[in-house]
C-alpha cells in the first residue's frame with residue numbers, strides 16, 4: 001500500500017469505512033468495517049483518523065456500549081452489523097469509504113458513545 005499521505009482523503013464524522021489492518025504490504029489483507037468518530041476538522045489536518053470497530057458478528061454476546069446498526073444497507077454495509085466501543089486511530093492511506101451512517105443511527109450511536117464515557 002502506498003504510504004504517501006493523500007491530502008484528498010478527507011473523511012467525515014459518521015463515514016462507514018473499510019480498513020486494511022494488514023501489518024505491511026506483504027501480509028494478506030485483513031479488511032474490516034469501521035466508523036469514523038473524529039470530526040472532519042480534525043480529520044483533514046491529520047494523517048490518521050479515530051474510529052470505532054464494526055462487526056457483522058451480531059450474535060456475539062453484547063458488550064457495554066454495543067449498538068446494532070439499524071440502517072446497515074443504507075450505510076454501505078453488506079450485512080447486518082453492530083458498532084463496538086473499541087477505539088483506534090488508523091492512517092488514512094489504509095481506508096476506503098463504504099458509505100455514511102444514517103440520521104437515526106447517528107443519533108443512537110452518539111448517545112451510546114456519550115453514555116460510554118459518562119458511566
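Tabulated values for the structure
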{"item": "Counted residues, region 32-49 - those being in contact with a helix residue (DSSP H, G or I) (Cβ under 8 Å, 6 or more places away or on another chain), in a loop (DSSP other than H, G, I, E, B) and closer than 22 Å to residue 110 by Cα", "result": "1"}
{"item": "Residues satisfying the stated conditions in region 49-74, i.e. over 12 Å from the mean Cα position of the chain (by Cα) and farther than 14 Å from residue 102 by Cα", "result": "56, 57, 58, 59, 60, 61, 62, 63, 64, 65, 66"}
{"item": "Test result for residue 77, at pLDDT 95 or above and under 10 Å from the mean Cα position of the chain (by Cα)", "result": "no"}
{"item": "Criterion (without any contact (Cβ under 8 Å) to a residue 40 or more places away in the chain and touching a strand residue (DSSP E or B) at 6+ places or on another chain (Cβ under 8 Å)) met by exactly one of 107, 86, 118", "result": "86"}
{"item": "Test set (1) assigned to a loop (DSSP other than H, G, I, E, B); (2) within 15 Å of residue 88 (Cα to Cα); (3) touching a strand residue (DSSP E or B) at 6+ places or on another chain (Cβ under 7 Å); (4) modelled with pLDDT under 95 - residue 29 fails condition number", "result": "(2)"}
{"item": "Qualifying residue in region 86-100 (condition: in contact with a helix residue (DSSP H, G or I) (Cβ under 7 Å, 6 or more places away or on another chain), surrounded by 13 or more Cβ atoms within 10 Å (Cβ to Cβ) and not in a helix (DSSP H, G or I))", "result": "no"}
{"item": "Check on residue 95, at pLDDT 95 or above and in contact with a strand residue (DSSP E or B) (Cβ under 6 Å, 6 or more places away or on another chain)", "result": "no"}
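The values are calculated or read from the model by the stated rules, or taken from the named source; none is laboratory data. Please read these numbers as outputs of a predicted model, since none were measured by experiment. Positions of Cβ are backbone-derived with ideal geometry, glycine not excepted, and every protein chain shown enters the neighbour counts.
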